[in-house]
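Reading through the structure tokens given below for one structure.
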Amino acid sequence: MNYRQRELIYEGKAKRVFACEIPDRVLIEFKNDATAFNAQKRSEIDGKGRLNCKISAALFELLELKGIPTHFLELHSETFMIAEKIKVIPLEVVIRNIATGSLCKETPISQGTLLTPPLLDLYYKDDELGDPILTEERLKLLDLVSVFEIEEIRKITRSVNNILKEYFDSLDLLLVDFKLEFGTNPSGKLVVADEISPDNCRFWDKKNSDPKERILDKDRFRQDLGGVIDAYEEILKRIEKDSSRAT
């Protein structure tokens, strides 16, 4: 179906969401904008939107095949996907398999420590507040989700982690950590939303022991390492190579 782009519903740091002629569906455009440190660092990286869109589509398709509900419906173009229109839950769910980044800055846990079981953290999605971490009591106080929904969110996140860890291991990549966002679709079902890409996942190349060169994600932008597009291209190349073997 040839979806027609209509009015802009929402614009975030990395994506735009547009209405289309079907009320319960949206067009999501992946932008080339790159941001870090709550948008204090900004740039535009040509080709990033295309790569994140194609990587996200492939990973959403993988999750759907494994029984994980997502908002994804189909690719519309190299930078646009079709998705269900959802009611966004203002939570960022971060699951960590290996200690790095903010966890090592906020705790005495050493960089590279294997986290067994993986650590799952919840954050309140609000840029003005700096996306603060939520304790159980704060989660209850804010009344963002029901007890059932938060348990389902945790269950789905752990399942997604198991699926993606195994998948990326087969591509010689370590899935260090990643962020998920959730929403409810028009029928009220809880689904994984937003994107799954090197923008919100950390990937380390298993074949490279150099602590900087092995990074294949947005940390290359955060840390001024260069080679952002090359890293994202490498992730997509390995995914597409795996897909071609499967067919």
**OP:** With a length cut of 18 Å (Cα positions projected on each helix's long axis) and a Kyte-Doolittle mean of at least 0.0, go through the chain and give me the DSSP H helices that pass.
**Re:** 48-65
Subject >> Ranked list, fewest to most other Cβ atoms within 10 Å of each Cβ, for Val88, Val26, Val191 >> reply: Val88, Val191, Val26
Original post:
For the chain, what relative contact order do you get, as a whole percent, if you take Cα pairs closer than 8 Å and at least 6 residues apart?
Top reply: 17 percent
**OP:** Provide Ile9, Ile196 in ascending order of the number of other Cβ atoms located within 10 Å of each residue's Cβ, fewest first.
**Re:** Ile9, Ile196
Original post:
Across the Cα atoms of the stretch 45-127, what radius of gyration and what greatest pairwise Cα-Cα distance (Dmax) are found, in Å?
Top reply: 16.3, 45
Original post:
Which residue, Lys218, Lys125, Lys140, tops the fluctuation ranking in a GNM of the chain built on C-alpha contacts under 10 Å?
Top reply: Lys140
Original post:
Leaving out same-chain residues fewer than 8 places away, which lysines sit with a Cα under 25 Å from that of Lys105?
Top reply: Lys13, Lys41, Lys125, Lys165, Lys179, Lys206, Lys212, Lys218
**OP:** For the stretch 22-39, just list the computed ³J(HN,Hα) in residue order, Karplus coefficients 6.51, -1.76 and 1.60, θ = phi - 60°, integers in Hz, with x standing in for Gly and Pro.
**Re:** 9, x, 9, 10, 9, 9, 10, 9, 8, 8, 8, 5, 10, 9, 8, 6, 6, 6
Subject >> For the stretch 177-247, Kirkwood radius (reciprocal of mean inverse C-alpha pair distance, Å) >> reply: 13.9 Å
Subject >> HN-Hα J in Hz across the stretch 208-220 - Karplus 6.51, -1.76, 1.60, θ = phi - 60°, x for Gly and Pro >> reply: 10, 8, 5, x, 9, 5, 6, 6, 10, 7, 5, 4, 5
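Quick one: in the stretch 8-84, what % of C-alpha pairs are over 19 Å apart?
That fraction is 40 percent.
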**OP:** Would you pull out the residues with amide H under 5 Å of Leu91's amide H, same chain only if 5 or more places away, H placed 1.01 Å from N?
**Re:** Lys125, Phe182
Original post:
Quick one: putting +1 on the C-beta of Lys and Arg, -1 on the C-beta of Asp and Glu, what dipole do you get for the stretch 124-247 around its Cα centre, in Debye to the nearest 20?
Top reply: 460 debye
Original post:
In 5 Å bins starting at 0, how do the alpha-carbon pair distances of the stretch 25-67 split up by percent?
Top reply: 6, 20, 18, 20, 18, 11, 6, 1
**OP:** Grab the alpha carbons of the chain, take their convex hull, and tell me the volume per residue in Å³.
**Re:** 138 Å³
Original post:
Counting only residues 5 or more places away or on other chains, whose amide H sits under 5 Å from the amide H of Leu173 once H atoms are built in the peptide plane?
Top reply: Lys206
Original post:
the stretch 101-119 to the stretch 144-203: how many Å between their Cα centroids?
Top reply: 19 Å
Original post:
Just from its helices, what would the mean residue ellipticity at 222 nm be for the chain, if runs of 4 or more DSSP H residues each count -39500 (n - 2.57) and the sum is divided by every residue, rounded to the nearest 500 deg cm²/dmol?
Top reply: -10000 deg cm²/dmol
**OP:** Among the aspartates and glutamates, select those whose C-alpha is under 15 Å from the C-alpha of Lys31, and discard any that sit fewer than 8 residues away in the same chain.
**Re:** Glu11, Glu44, Asp46, Glu78, Asp194, Glu195, Asp199
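Kindly provide the Kirkwood hydrodynamic radius of the stretch 87-227 in Å, to one decimal, from all pairs of distinct alpha carbon atoms.
Final number for the Kirkwood radius of the stretch 87-227 is 16.2 Å.
Quick one: order Leu51, Leu236 by neighbouring beta-carbon count within 10 Å, fewest to most. Walk me through the intermediate numbers first.
Details: Leu51 25, Leu236 17.
Arranged by neighbour count, lowest to highest, Leu51, Leu236 become Leu236, Leu51.
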Original post:
If you plug each phi of the stretch 136-146 into the Karplus form 6.51 cos²θ - 1.76 cosθ + 1.60 with θ = phi - 60°, what whole-Hz ³J(HN,Hα) values come out, in order, with x for Gly and Pro?
Top reply: 4, 5, 5, 4, 5, 4, 6, 6, 7, 9, 6
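Readers should treat all values here as calculations from the given coordinates under stated rules, not as data from a laboratory. As the structure is a prediction and not an experimental result, all values here were calculated from the model. No Cβ is skipped: glycine too gets one built from the backbone with ideal geometry, and neighbour counts run over all protein chains shown.
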